[in-house]
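The values are calculated or read from the model by the stated rules, or taken from the named source; none is laboratory data. What you see is a predicted model; the values in this text were computed from it and never measured. Here the Cβ positions follow ideal geometry from the backbone for every residue, glycine too, while neighbour counts run over all protein chains shown. Areas reflect the complete protein model, heavy atoms only, side chains present, ligands, DNA and RNA absent. Shrake-Rupley method; radii C 1.70, N 1.55, O 1.52, S 1.80 Å.
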Amino acid sequence: MNEMPKRIALCSVDSILMRATADYLLETGTAEHCVVFRQGEHLLRDLERGNTYDGIVLDAMLADMDATEVILRLRGLRLSLRPSVILLVLPERFLRMQRRIPGEVDSFLCKPLNPESLAQRIRMFCTKKRQSPSELLLQQWGVELEPTQVQYFTEAVQLLSQAQKPLALRKELLSVVAENHCVSVSAVDSGLRRIIARLEEENTPGYQCFKQENGLEGTRPTVKKLLEVCSKFSQITEQKEQVYAGR
């Protein structure tokens, strides 16, 4: 279920205007919390530290870099909440910016900034669901997988991350997934093995980064090892979500 936008980041060289805009968003109930940045680097570092936002209002003019660089770097971050991006541009740069970053921005808004129009855009575009840990990993890997494979993987990771004790791979883990889908354990095992084969074949930058971060560089993970690593990531992500919810 979608929620009202809660946390909005505003990034612009004109921090005075952004603070005034933040006050408007808070007063109108459009947002519950706003943070203003002048530099794109500070925004990116804030996100890397684990701070989350439902939406980012990004001015094409920043104090340290082009907004395009921020958007492209934002794509490579592994975030528990993927924020919507609303880009503020001058009318004469509108079409050029659309061509430079197609599909990377949820909405464009021409300057001079109208706070009421911005509030409407935020309510329209910044109410996305939080992504599950498995969805985050699949997004990072950037590989097209069959729907059934995704379901097997997601359920296996969830079961393993919630288990109170170690589970035998086939008898206690894959068997549960297999029963849920009315298939054999071998079918689930085969589906997970095909995921690994596809990941190794594509070897995307996101998958390479994942292997480096988890000590898998130079190896081909087994089904058991892949699920163990992913379940640990899931546990850590859920803990961060609980901290966020308690703010």
Item to check | Extreme residue, surrounded by the most Cβ atoms within 10 Å (Cβ to Cβ), among residues of region 200-219 that are among the charged types (D, E, K, R) and part of a helix (DSSP H, G or I) | outcome: Lys211
Item to check | Which numbered condition Leu159 misses (of (1) open to solvent by less than 40 Å² (accessible area, probe 1.4 Å); (2) modelled with pLDDT of 90 or more; (3) under 16 Å from Leu226 (Cα atoms); (4) not charged (D, E, K, R)) | outcome: (1)
Checklist entry - Right, Val177: in contact with a Ser or Thr (Cβ under 7 Å, 6 or more places away or on another chain) and at negative phi or not? => result no
Checklist outcome for this item: Reported set for region 180-198 where residues are on the phi > 0 side of the Ramachandran plot and open to solvent by less than 30 Å² (accessible area, probe 1.4 Å) is none
Checklist entry - How many residues are touching a strand residue (DSSP E or B) at 6+ places or on another chain (Cβ under 8 Å) and small (Gly, Ala, Ser) if we restrict to region 39-87? => result 5
Checklist entry - Quick one: Arg100 ticks every box in (1) open to solvent by 60 Å² or more (accessible area, probe 1.4 Å); (2) under 23 Å from the mean Cα position of the chain (by Cα); (3) of a type in the set (D, E, K, R); (4) modelled with pLDDT of 90 or more bar one, so which box is it? => result (4)
